[in-house]
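Remarks on the structure that follows.
The values are calculated or read from the model by the stated rules, or taken from the named source; none is laboratory data. No experiment lies behind these values; they were computed from the predicted model shown. Neighbour counts are summed over all protein chains in view; Cβ atoms, including those assigned to glycine, are modelled from backbone coordinates with ideal geometry. Heads up: the accessible areas ignore ligands, DNA and RNA and are worked out on the full protein's heavy atoms, side chains in. Shrake-Rupley method; radii C 1.70, N 1.55, O 1.52, S 1.80 Å.
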Amino acid sequence: MALNKNVEEILNKQINAEFWSAYFYLSMATYLNDNGMSGFANWMKVQFEEETSHAMKMIDFINERGGRVILQPIAEVPSEWSDILNIFEDTLKHEEEVTGLINECVNVAIEVKDHATVNFLQWFVDEQVEEEAGVTEIIDQLKMIGCKGNGLYMMDKEFKSRVFVDTTKA
Ligand code: FEO
């Protein structure tokens, strides 16, 4: 079954949103590097790679379904934050927005009874639950240590070892 035009359009919008997310996290990574937090910067760099893989997963799906991928310009991203807590609170807010966008994609697919797309998007629905939970945990940890001193140093050290694992192919 050919890809419905409304589904194709909203998936294209989502590709742009995923690339925007990648760009957003890359901006955070460079900011953190400039501010001496190379572990947190690494965490954000992995986030950038994850978001890029999300966009690629959608591109591959549209192609597989015989649809057309149209890449749109990526809007400007923020480049300044007040502190490390502000960065992760911004991250959580952003991921909550992305969850809303993914739900919109599902709604459109359900509307046109495109079960293959609904099924495909389930991976993203699950991924959003994980993303929000992971970031919430980091915010809680940051609050617990008061965003400073040895606690902050230990978190930064721990995040140096985060590596990108491409889970989109699983
Ligand atoms: Fe692609 Fe962070 O959601």
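Worth a mention:
- Residue in the stretch 1-12 that is nearest to Thr99 (Cα to Cα), counting only those that are in a helix (DSSP H, G or I) and either touching an Asp or Glu at 6+ places or on another chain (Cβ under 9 Å) or within 12 Å of the ligand (Cβ to nearest atom) (or both): Ile10
- Residue match in the stretch 14-24 (condition: open to solvent by 60 Å² or more (accessible area, probe 1.4 Å) and free of Cβ contacts under 8 Å to residues at least 60 places away in the same chain): yes
- Complete set of residues in the stretch 130-166 that are over 17 Å from Asn42 (Cα atoms) and without any contact (Cβ under 8 Å) to a residue 12 or more places away in the chain: Glu130, Ala133, Glu137, Asp140, Met144, Ile145, Gly146, Lys148, Gly149, Asn150, Gly151
- Number of positions in the stretch 25-34 that are open to solvent by 40 Å² or more (accessible area, probe 1.4 Å) and hydrophobic (A, V, I, L, M, F, W, C): 1
- Residue within the stretch 75-89 that is buried (at least 18 other Cβ atoms within 10 Å of the Cβ) and within 16 Å of the ligand (Cβ to nearest atom) present: yes
- Residue in the stretch 134-142 that is at pLDDT 95 or above, within 11 Å of the ligand (Cβ to nearest atom) and under 16 Å from the mean Cα position of the chain (by Cα) present: yes
- Looking across the stretch 141-170, the residues that are loosely packed, with under 12 Cβ neighbours inside 10 Å, assigned to a loop (DSSP other than H, G, I, E, B) and of a type in the set (Lys, Arg) come down to Lys148, Lys169.
- Of residues in the stretch 92-107 being closer than 20 Å to Val118 by Cα and more than 11 Å from the ligand (Cβ to nearest atom), the one most open to solvent (accessible area, probe 1.4 Å): Glu104
- Of all residues assigned to the stretch 34-52, at least one qualifies as being hydroxyl-bearing (Ser, Thr, Tyr), away from the ligand (no atom under 14 Å from the Cβ) and in contact (Cβ under 8 Å) with a residue 24 or more places away in the chain.
- Of the set (1) part of a loop (DSSP other than H, G, I, E, B); (2) in contact with a Leu (Cβ under 9 Å, 6 or more places away or on another chain); (3) within 16 Å of the ligand (Cβ to nearest atom), all apply to Phe61 but (1).
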